[in-house]
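The values are calculated or read from the model by the stated rules, or taken from the named source; none is laboratory data. Treat the numbers as computed from the prediction; the structure is a model and nothing was measured. For neighbour counting, all protein chains shown are included, and Cβ atoms are generated from backbone atoms with ideal geometry for every residue, glycine included. These accessible areas exclude ligands, DNA and RNA; they are computed on the full protein's heavy atoms, side chains included. Shrake-Rupley method; radii C 1.70, N 1.55, O 1.52, S 1.80 Å.
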Amino acid sequence: MREQNYWLTTVEMPKTDPARTLPETADVAIIGGGFTGLSAARTLAKKGARVVVLESETIGWGASSRNGGMVLTGLKLGVNKLISMYGRERTQRMYAASLASMDCVEQIVCEEKIDCNFARCGHLEVACKQAHFDDYARQVEVIAREFNHKLRIVPRNDLQSEIGSSIYYGGMVDEVSAGANPARYVAGLGAAAIGAGACVFEKARVEKIERGSRQGTLGWSLNTSRGPLWARNVFVGTSGYTGAATPGLRKKLIPIGSYIITTEVLPDALARELSPRNRMIYDSKNYLYYYRLTPDNRMLFGGRAAFFPESGDTIRRSAEILRRGMIDVYPQLRDAKVEFVWGGTLDFAFDIMPHAGEMDGLYYAVGYAGHGVAMATYQGHLMAQRIAGEKPENPFDGIPFPGAPLGLYNGKPWFLPLAGMYYKFLDWVS
Ligand SMILES: Cc1cc2nc3c(=O)[nH]c(=O)nc-3n(C[C@H](O)[C@H](O)[C@H](O)COP(=O)(O)OP(=O)(O)OC[C@H]3O[C@@H](n4cnc5c(N)ncnc54)[C@H](O)[C@@H]3O)c2cc1C
C-alpha cells in the first residue's frame, strides 16, 4: 500500500517557473492555488486584471487534488435547518446557488476542454437507520416544494439496482450531481488561469499581510517566501490550510481531517455489481463514509477515520479503519488489495456553512465543509466578479460568520477529539 494520493498518479500539473521573480505590484493577490483561488484567478484574468496567485506548495496541493471528486448538489446542512437559520427566501437562493455551482464547473470544464472525466452520474445517499430513511421522504417533499428540484427515493427492496450492498435501509438519488477526477480538474483550472494571463507562483508562502499605500493608492503589502508584493486587493482561498497570515479567518475555521483509500483496479463485473450506475455515494451518518468508483474501476472509499488533519500516523491508522468500513459495506471486497491511502484537510465554519465576503478589508471564500468541488469553484468565480466591481447574486456573501462560542479558539482545534466522540455518540443515538 502506498501512502500517496492516487489521483496525482493520473495527472501532470501545469509547470511554473521557479526562478521567476514576483512582480512589484498586482491588481489582485490571491492566496491559495486550489479550486477557490484558481477559479478566481481565471475569472479576474479574463477581465484583464493583473492577478498573482501565491501558493505555498504547488498547484492543487491542498484539498483540491485530494478529494473524492464528488461534484454535489445541496449543502452540508439539511434544508429544514437552513430554512430555520435563514428563512425561506434566502434558503431558496442558497439552494439555487448550489445547483448553479455545478453548472459553473461543467461550463468551465467544457470551455477550457479539461480532460477530467466530468460526468453527471448522480449521487446516492444511503440510510444507515430506518429513521434516516423515513426522513428522506420529508426531504424530497420539501426540496420539490421549496426549490423545485426533484430527488428520488429508493426503497430497500429496490436498492440492489443502485448499490451492491445489503446493509442500508434505502436511499435517495439526485441525478444532477456529477463525478470528476479532482486532480485533473484542478490542473486544468490552473492551466486555464495561466492561459488567461494570471501569474501563478508556487512555493510562495504568504507570511504577513499589512495595509500599505503606494503612490497614494491604498492596498496591501505582502511578505512572501519569494519576496514582497504590493496588491490593491487580496483574496484569500486557503480553506482547511488557513494559517497565521490571516489570523482573523483562521479562528473562524475548524480544520478537520478526511481520509481516502483506493483498491486495486477491480474486474468490470465486480465494479458494476458494487455500483451499477456509477453513482457518487455517501451514507447518512454524521461520521460518514463516502465512496465511488474511479474512472479506472478502483473502489475509492473515504471517511473521517480520524478527526485530526493528516499526518503519517493518522493516515496509517485511517487506512485500516477505512478498509474495515469498506468491507462492512462491501464484503465482496474482502480480498481486494488496498493500493493507496492519503488524507487531506477540510474547513468547517462553526455554523457548517460556506462563507464569502470581506473581513478587515481582505476578501475571502471558505467553509465548504466537504462540499467544495463545485462551491469553491463557484465562490472563487463570484468573488472575482465582486472584486472586479460587479454585483453578482451570492447568497453566502456577508451572512453572519460566527466564531467559537465564548471565543474559546485561536485556530488550534484542541476540541477535535471531543467533537469526534460527540458525533459518534449522535450516530449511536439518532
Ligand atoms: C479527503 C477529502 C475529500 C473530499 N471530498 C470531497 C468531495 O468528494 N466533494 C466535494 O465537493 N468536496 C470534497 N472535499 C472538499 C474539497 O476538496 C474542498 O472544499 C476544496 O478543495 C477547497 O478548495 P480550496 O481551493 O478552497 O482549498 P484547497 O484546495 O485546500 O487550497 C488551499 C491552498 O492554500 C494554500 N495556502 C494556505 N496558506 C497559504 C499561505 N499562507 N500562502 C500561500 N498559500 C497558502 C495551501 O497550500 C493550499 O494549496 C474533500 C476534501 C478532502 C480533504
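Listed by first and then second residue, the pairs linking a residue in segment 47-68 that is at negative phi and modelled with pLDDT of 95 or more to a residue that is of a type in the set (Phe, Trp, Tyr) and open to solvent by 40 Å² or more (accessible area, probe 1.4 Å), with Cβ atoms under 6 Å apart and 6 or more places separating them unless they lie on different chains, are 62/241. Among the conditions (1) of a type outside the set (Val, Ile, Thr); (2) open to solvent by 10 Å² or more (accessible area, probe 1.4 Å); (3) under 14 Å from residue 201 (Cα atoms); (4) within 6 Å of the ligand (Cβ to nearest atom), residue 24 misses just one, which is (4).
Conditions tested, residue by residue: (1) within 28 Å of residue 13 (Cα to Cα); (2) buried (at least 20 other Cβ atoms within 10 Å of the Cβ); (3) of a type in the set (Val, Ile, Thr); (4) at pLDDT 95 or above.
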site	(1), (2), (3), (4)
186	yes, yes, yes, yes
190	yes, yes, no, yes
195	yes, no, no, yes
202	yes, yes, no, yes
205	yes, no, no, yes
214	no, no, no, no
217	no, no, yes, no
221	no, no, no, yes
225	yes, no, no, yes
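Condition check ((1) in contact with a Lys or Arg (Cβ under 8 Å, 6 or more places away or on another chain); (2) assigned to a helix (DSSP H, G or I); (3) farther than 30 Å from residue 45 by Cβ; (4) not small (Gly, Ala, Ser)) across all residues:
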| site | (1), (2), (3), (4) |
| --- | --- |
| 103 | no, yes, no, yes |
| 116 | yes, no, no, yes |
| 133 | yes, yes, yes, yes |
| 141 | no, yes, yes, yes |
| 146 | yes, yes, yes, yes |
| 165 | no, no, yes, no |
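Taken over segment 108-165, the residue count meeting the criterion of being at positive phi and of a type in the set (Val, Ile, Thr) is 0. Among all positions in segment 368-376, there is at least one residue which is modelled with pLDDT under 95, within 16 Å of the ligand (Cβ to nearest atom), under 20 Å from the mean Cα position of the chain (by Cα) and open to solvent by less than 10 Å² (accessible area, probe 1.4 Å).
Yes or no: residue 327 surrounded by fewer than 20 Cβ atoms within 10 Å (Cβ to Cβ), part of a helix (DSSP H, G or I) and within 15 Å of the ligand (Cβ to nearest atom)? Judged against the criteria, residue 327 is not a match.
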